[in-house]
Amino acid sequence: MPPIQDVDRAVFLRPPLRELDLALAGLVSRDLWPTLDELEHLRCAATAQDGVERPMLVAQDAALLADGLHYEERIRLGRLATRERNWHDLFNALVWLRWPRTKRALNLRQCGDIARIGKRQRTRGQCALTHFDEAGAIVLCSDPRLVELWDRHDWKNLFHAHAGAWGHSIQVHVFGHALLELALEPARYLVAKAVLLMTDDAADLTMDAETLSRIDQRLAQRIEAPSLLLDPQQLRPLPLSGLPGWHARGGEEDFFDAAPCFRPLRAGRLYPPADRF
């Protein structure tokens, strides 16, 4: 990924980076890397505000790695190994600020499987947890008709014909820090591994702090149960580049025929029913 000063500043005017940058008062759009001290200040402030603990951000250096622990085990002990001047780790730290309960639930599940089968093997559940952690999105929807289009991979109708529904009867929250990193390159085709929550309350589709906190609690409960992220097949692919305003060509009808991210439904592929929020 490019150095911070070489990033096209226009990417911070479009989702998903726009919302993140606004929430952090321009922290990621400036041409100066946030320091670990700055991120630690944000972590402490967030914990003071909501009472939810987040792991301490510590530099990933030789001294830290000498402990021999698995990355997830350090998080369980309260230390998040963070490479400085690194987009991937910066976005991971920022996701911890916004979704602390869900991130903690992912970590606890990962650590449970590591303790059970060791560090050299991976369960289907661990693969699902990692896919969501790196490339996940949380989708809230109040209109079952949109889900029917999504289930059929009818991308042109979902994104183009129903462009006005996005941000109103369906809302997307990007969770995966690798996905946020890819968004730094404007021409990229972004595809999320999504978890879908259905709601009848229009207030659930807002972006306010209280709603985000309730979503965070709900997801964490399901992951810890565990009733979610038991297998990668539980996740729905969602080409984020099709959302209005997310890609420079997103408003063009032929975009959905030409761009490789809009794949047809694979024969026999069925998606699990959505959870209620």
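The values are calculated or read from the model by the stated rules, or taken from the named source; none is laboratory data. Note that the structure is predicted; figures quoted are calculated from it, not measured. Counting neighbours? That spans all protein chains shown, and the Cβs are built from the backbone with ideal geometry, glycine included.
The table below gives the values:
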{"quantity": "Pick from the range 230-252, criterion in contact with a helix residue (DSSP H, G or I) (Cβ under 8 Å, 6 or more places away or on another chain) and in a strand (DSSP E or B), ranking: farthest from Leu106 (Cα to Cα)", "calculated": "Pro239"}
{"quantity": "Selection count, the range 52-76, where residues are in a helix (DSSP H, G or I), of a type outside the set (Ser, Thr, Tyr) and under 29 Å from Ser213 (Cβ atoms)", "calculated": "5"}
{"quantity": "Test for Arg109: is it over 23 Å from Gln171 (Cβ atoms), part of a helix (DSSP H, G or I), touching a helix residue (DSSP H, G or I) at 6+ places or on another chain (Cβ under 7 Å) and touching a residue at least 60 places away in the same chain (Cβ under 8 Å)", "calculated": "yes"}
{"quantity": "All positions within the range 253-277 that are surrounded by 16 or more Cβ atoms within 10 Å (Cβ to Cβ) and in a loop (DSSP other than H, G, I, E, B)", "calculated": "Ala259, Cys261, Phe262, Tyr271, Ala274, Phe277"}
{"quantity": "Odd one out for Cys111, checked against (1) at pLDDT 95 or above; (2) touching a Lys or Arg at 6+ places or on another chain (Cβ under 9 Å); (3) not hydroxyl-bearing (Ser, Thr, Tyr)", "calculated": "(1)"}
{"quantity": "Among (1) surrounded by 16 or more Cβ atoms within 10 Å (Cβ to Cβ); (2) small (Gly, Ala, Ser); (3) over 30 Å from Ala161 (Cβ atoms), the one test that Ser241 misses", "calculated": "(3)"}
{"quantity": "Any hit, the range 194-202, residues being without any contact (Cβ under 8 Å) to a residue 24 or more places away in the chain, more than 30 Å from Arg85 (Cβ to Cβ) and surrounded by fewer than 17 Cβ atoms within 10 Å (Cβ to Cβ)", "calculated": "no"}
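The rows are residues; the columns are (1) modelled with pLDDT of 95 or more; (2) in a helix (DSSP H, G or I).
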site: Ala178; (1), (2): yes, yes
site: Pro186; (1), (2): no, no
site: Lys193; (1), (2): yes, no
site: Ala203; (1), (2): no, yes
site: Ile215; (1), (2): yes, yes
site: Ile223; (1), (2): yes, yes
site: Pro226; (1), (2): no, no
